[in-house]
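Here the structure is laid out as C-alpha cells; the discussion comes afterwards.
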Amino acid sequence: MFDKEYDVIVVGGGHAGAEATAAAANMGSSTLLVTMNLQTIGQMSCNPAMGGIAKGQIVREIDALGGYSGIITDKSAIQFKMLNKSKGPAMWSPRAQNDRMRFAEEWRMALENTPNADFYQEMVSGLLVNGNKVVGVKTSLGIEIRARAVVLTNGTFLNGLIHIGDKQFGGGRAGEKAATGITEQLVDIGFESGRMKTGTPPRVDGRSLDYAKMTPQPGDDNPEKFSYLPTPILKVQRDCHMTRTSQLVHDLLREGFDRSPMFNGRIKSIGPRYCPSIEDKINRFADKDSHQIFVEPEGWNTVEVYVNGFSTSLPEDVQYKALKSVAGFENVKFFRPGYAIEYDYFPPTQLKHTLETKLIDNLYFAGQINGTTGYEEAASQGLMAGINAHLKINEKESFILKRDEAYIGVLIDDLITKGTEEPYRMFTSRAEYRTLLRQDNADLRLTPKGYEIGLAKEERLKRMEEKQQKSEDFVSFFRKTSFKLEEVNPILMSLDSALVNQSDKLFKVFSRPKLTMDHMLQLEDVSTYVNDHNLDSEVLEQTEIQVKYSGYIEKEKTNADKLQRLENVRIPDNFDYSKLKSLSFEAREKLKSIQPVTISQASRISGVSPADISVLLVYLGR
Ligand code: FAD
C-alpha cells in the first residue's frame, strides 16, 4: 500500500501536525499526514478561541511566514477583539472566538487543497530507525511507511489518561483513544520522558441558560483579523457573556474535594499554573469569594456553549450541582462534563533549535509533546519543524528565528535551552524585545524570511512591501509637513494646550502622548494625504506606531544588536566542558547536556552564571 518513500511523515493532525504538513508540502516535500482520526484534523481540544495575549502575536507570525493558522482563524471566527488596546502597541494582542466545527473543517479543506500532502488514518505505534537515523513509521496494523524525515506531534495522546472524579480511563481526548508504543520505544532508545496534566471545563446547552443574568461581552466595534492576506473581516459577531461563581458555588465544589483526583493524589503530574482548574483556584485563592466565568458560544449554528473558567476534574454530579448555582445557570443542561488528562511529554532540552532531536537524526518533535500548552504554541512549532525537516532532507541551511526576531524564536529557544517542568505557555514577559515583536509588524519581520525559504508566496511579499513603502512615505510626510496654527482644532487643543508652536513639524505634534491617528486625521493636510494615497487601516496603524514609539523601538534595536555580538560567538560542536575546571559543577553538567550553540544561548541556561560565561569567553579567546 505504501511502496513509495515519503520525504516527510507527520504523525498527528492537531495544530502542530496540520502546520507541519502544510509547511513541508508547500515547500515541495512529498508529505504524509498519519493521524488517528481524519475527522479531528485541526480539532480545538479545549476553548474555541485563537490568539490572546502573546499568543495572538504568534498566530500573526505563523501567517507572516506562510502558515495557515491565521487564515483558518479568520475564516471560522465568530468574534474578534484586540486585547490591551489601552496599553502600548507591544501589548496589543488579537484574539478571535471561533466556530469549533468550522475551524476543523477549514483546516481539513486547506490541507486537502495543498499539493504534495497525502493522508492516512491510523495510529502510529513506533518509528523505523536505522542506526541513529529515523527512516519511517510503523502503524498499529503493522504497516511500515518509509520517509526521509518524521515529525511527531502527538499532543495529549501519548499514554493519555482521563480523570473525572474517581473515574479514570485511557484516552487522548474525550471520546478518543490514547496512543501507545511511541513513548516506550523512545525511552528504550534513550530519550527522557515525563508526565504533564491539563484540564477542560464542561460544555452546556446554551438554550438552558439565562443570559439576562449575565453581562454581555461583545466583540470590537471595528473588528480586525489575523491574516495579512485578504481574508474576510467579520460583519456580524456573536456575543460572549460573563457571570461569576459565588461562595455557595465554592462550598458545593468543596463537597467533592475528597473525590477529586487533584487532591486525593491520583493525578501526580503538573498542570498549567496559568490556566488552573476551578477547584485549584478556590483552593489556592481561598480568600476570594468569586471567580469570573466567560460563557463562550461554540459556533454560529450550534447551541453548545463553552464554560471558560470552570475547568474541572471533579465528579460530574459535583460539577453539575455547583454550576447550577452560578447566576444564569440555574436550569443548565450538560452536553459534556469537564475532565483532566495526564499524558507523556519529552523534556524539550533533548532538541536542537530546529526541533530535530539530538539523539535521532531527521526526527522532529513539535507541539504539546514538547511540554507546551496551547494551539498557537503547538502550531508555531509544527510550522518550524515542517520547514526544517524539508530543509534538512534537501541539504539546505536550517531555519532558526532569533529571540529578537519572533515570539516563535523566544518559544523555541526557551524550550530547548531552559526546558520546562510545567506546561509552557507564551507571555509577553518572556520576550526581552517585545517592543520589536509586535502583532502589527510580524509581516515586516518575517515575510521576507518566509519568502526566502520558499514558503511565503510572492503575493504575500508584495503586499508586505507595499505596506512598508506606504508607511515609510507617510512617516516622511509627518516629518516634512508643518503644523498649521490656523488649523488648530479645538479638540486637539483641549487634549494638549501646548500645541501652539507653529514651527513644529507634524511628526513632533503627533509624538505627543495623548494624540492618536484619529486626531491627526482631523487635520486637512493629513486627511488629504490619506485619501490621495488610498491608505488602509494597516498602513495607518503602522505609521502611528513608527511615529509615536520610534524612540523605544530604536533603543530596543540597539540593545538587541549589542546582544547579537554574544550570539555571534559560536561554541564548537560537541565541546568538551569537562576540561574547563573553573566552570561551576552545575554549569558544567547543564552545558554538557544542553550543548548550547552560542555563548548567548549558554548565558540563558539556568545555573550558568555570568562568571561561567566569562570562563567560556576567555577559553574561546574573546
Ligand atoms: P493535539 O491538538 O492534541 O493533536 C494531536 C493529534 O495527534 C491528534 O490529532 C491525535 O489524533 C494525533 N495522534 C496522537 N498520537 C498519534 C499516533 N500515535 N498516531 C497517529 N496520530 C496520533 N491549551 C490551552 O492553551 N489552554 C487550556 O486550557 C487547554 N486545555 C486543554 C484541555 C484538554 C482536555 C486538552 C486535551 C488539551 C488542552 N489544551 C489547552 C491544549 C491544547 O489543546 C493543545 O496544546 C494543542 O491542541 C496541542 O496541539 P498538538 O498539535 O500538539 O496536539
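Rule-based calculations on the coordinates, nothing more; no lab input. Treat the numbers as computed from the prediction; the structure is a model and nothing was measured. Cβ atoms come from the backbone with ideal geometry, glycine included; neighbour counts cover every protein chain shown.
Normalised by the number of residues in the chain, the mean separation of alpha-carbon contacts (under 8 Å, six or more apart) gives a relative contact order of 16 percent.
Return the calculated 222 nm mean residue ellipticity for the chain, to the nearest 500 deg cm²/dmol, obtained by summing -39500 (n - 2.57) across DSSP H runs with n ≥ 4 and dividing by the residue count. Display every interim value, and only then the final one.
Numbers: 21 runs with 219 residues, N = 622.
Value at 222 nm, helices only, nearest 500: -10500 deg cm²/dmol.
Based on the mean of other Cβ atoms within 10 Å per residue, sort peptides 600-613, 409-422 so the most packed one is first.
Numbers: 600-613: 17.1, 409-422: 21.1.
Going from most to least packed, we get 409-422, 600-613.
Calculated on the alpha-carbon coordinates, the convex hull of the stretch 367-421 measures out at 79 cubic angstrom per residue.
What number, in percent, do you get for the relative contact order of the stretch 568-619 if the mean sequence gap of Cα pairs under 8 Å and at least 6 apart is divided by its residue count? Provide the component values of the computation, followed by the final result.
Values: 48 pairs, mean separation 21.0, N = 52.
Rounded, it is 40 percent for the stretch 568-619.
Take every DSSP beta bridge with both residues inside the stretch 191-303 and express the antiparallel ones as a percent of the total, to the nearest 5. Spell out each step's value before the answer.
On the way: 7 of 8 bridges.
The antiparallel proportion sits near 90 percent.
Which shape class applies to the chain: rounded if a/c is under 1.5, otherwise prolate when a/b exceeds b/c and oblate if not, where a ≥ b ≥ c are the square roots of the Cα gyration tensor eigenvalues? In terms of gyration-tensor shape, oblate. What the Kirkwood sum gives for the stretch 26-100 is a hydrodynamic radius of 13.9 Å, with every pair of different alpha carbons counted.
Among the GluC sites (Glu not before Pro) in the stretch 379-413, those placed in a DSSP loop whose Cβ has at most 10 other Cβ atoms within 10 Å are E395, E397. Summary of the geometry: the stretch 368-396 and the stretch 187-250, compared by the centres of their Cα atoms, lie 25 Å apart.
Once you order the gyration tensor axes a ≥ b ≥ c over the Cα atoms, which shape class does the stretch 141-299 get: rounded for a/c under 1.5, otherwise prolate or oblate by comparing a/b with b/c? List each step's numbers first, then the result.
Values: a/c = 2.47, a/b = 1.25, b/c = 1.97.
In terms of gyration-tensor shape, oblate.
The 3J(HN,Hα) values that the Karplus relation (6.51, -1.76, 1.60; θ = phi - 60°) gives for the stretch 34-48 are, in residue order, 9, 9, 5, 8, 5, 6, 10, 4, x, 5, 8, 5, 10, 6, x Hz. Gly and Pro appear as x. Proximity of backbone amide H atoms, modeled 1.01 Å from N, is registered between A147 and Y6, G136, V137 at under 5 Å, excluding neighbours fewer than 5 places apart on the same chain.
Of the trypsin sites (Lys or Arg not before Pro) found in the stretch 151-217, those that fall in a DSSP loop while having at most 15 other beta-carbon atoms within 10 Å are K177.
Across all Cα atoms of the stretch 568-619, the radius of gyration (one decimal) and Dmax (whole number) stand at 9.4, 26 Å.
Hey, got the dipole for the chain? About the Cα centre, +1 on K and R Cβ, -1 on D and E Cβ, debye to the nearest 20? Please report the intermediate quantities before stating the final value.
Working: 78 positive and 83 negative charges, 244 e Å.
Charge dipole of the chain: 1180 debye, to the nearest 20.
Applying both filters, DSSP loop and at most 15 other Cβ atoms within 10 Å, to the GluC sites (Glu not before Pro) of the stretch 226-319 gives E255.
In the stretch 360-423, with Lys and Arg counted as +1 and Asp and Glu as -1 at Cβ, which of these residues, L391, T417, A379, has the Cα nearest the positive end of the dipole, that is, farthest along it? Among L391, T417, A379, the one farthest towards the positive end of the dipole of the stretch 360-423 is L391.
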